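**Q** Sending over a structure as structure tokens; questions will come in a sec.
The values are calculated or read from the model by the stated rules, or taken from the named source; none is laboratory data. Computed from a predicted structure; not experimentally measured. Neighbour counts are summed over all protein chains in view; Cβ atoms, including those assigned to glycine, are modelled from backbone coordinates with ideal geometry. Note: accessible area is taken over every heavy atom of the protein model, side chains too, but ligands, DNA and RNA are not part of it. Shrake-Rupley method; radii C 1.70, N 1.55, O 1.52, S 1.80 Å.
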Amino acid sequence: MKRTLLITGAASGIGAAIARRSAAPDTALLLHTGKNADALDAVAQDCRAAGSDVVLELGDLADPATCSRLIASAQSAFGQIDQIVSNAGKASKAPFGSFTHDDLMRDFAMMPGAFALLASEALSDLERSPCGRVVAISSFVAHVHGKAGTSFPTTSAAKAP
């Protein structure tokens, strides 16, 4: 059975590891990153070497149009989406009292907001798929607001839901 995965935040860390581990001749991958095209290309090369068909997309997940574009790109390239790994995130370093409401809303748009939009837009594919899944990756900062004097309260709030 062929399956198609969309993985956000695939240029490094957990997202890159999931892409490399999932890569196989029966797996098509749409890999996303915000800006790190060179690192994403390196991950894609490894995935292609393992036999996967790979499409790359860059974009800011805080912009709902990016989520729509990712879904459309995967469907256009591979015909369907079977699984989504919503991994993308960022560590916004700002102690309490130094971030704005807009900073908080941007992190919510990029992390849980993008997760909800991606799953909603791919819902018909996911429901039809015999292996339909959506996985949301959290972060250590969802439980630890600060470490070694660095504070991540907006990221903590966005990655905790």
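**Q** In segment 5-34, which residues are more than 27 Å from Asp107 (Cα to Cα), under 16 Å from the mean Cα position of the chain (by Cα) and of a type outside the set (A, V, I, L, M, F, W, C)?
**A** Arg21, Ser22
**Q** Which of the numbered conditions does Gly9 fail, given that it passes all the others? Conditions: (1) open to solvent by 20 Å² or more (accessible area, probe 1.4 Å); (2) on the phi > 0 side of the Ramachandran plot.
**A** (1)
**Q** Does Ala91 satisfy being closer than 18 Å to Ser138 by Cβ and either open to solvent by 20 Å² or more (accessible area, probe 1.4 Å) or out of contact with any Ser or Thr (no Cβ under 6 Å at 6 or more places or on another chain) (or both)?
**A** yes
**Q** Ok, one more. So which of Ser76, Ser52, Ser68, Ser22 is free of Cβ contacts under 8 Å to residues at least 60 places away in the same chain, open to solvent by 60 Å² or more (accessible area, probe 1.4 Å) and of a type in the set (Ser, Thr, Tyr)? First the steps, then the outcome.
**A** Values: Ser52 fails: open to solvent by 60 Å² or more (accessible area, probe 1.4 Å); Ser68 fails: open to solvent by 60 Å² or more (accessible area, probe 1.4 Å); Ser22 fails: open to solvent by 60 Å² or more (accessible area, probe 1.4 Å).
Exactly one residue qualifies, and that residue is Ser76.
**Q** While we're on this one: Across segment 111-139, which residue is most open to solvent (accessible area, probe 1.4 Å) among those that are farther than 20 Å from Thr66 by Cβ and not polar (S, T, N, Q)?
**A** Taking the candidates together, the pick is Arg128.
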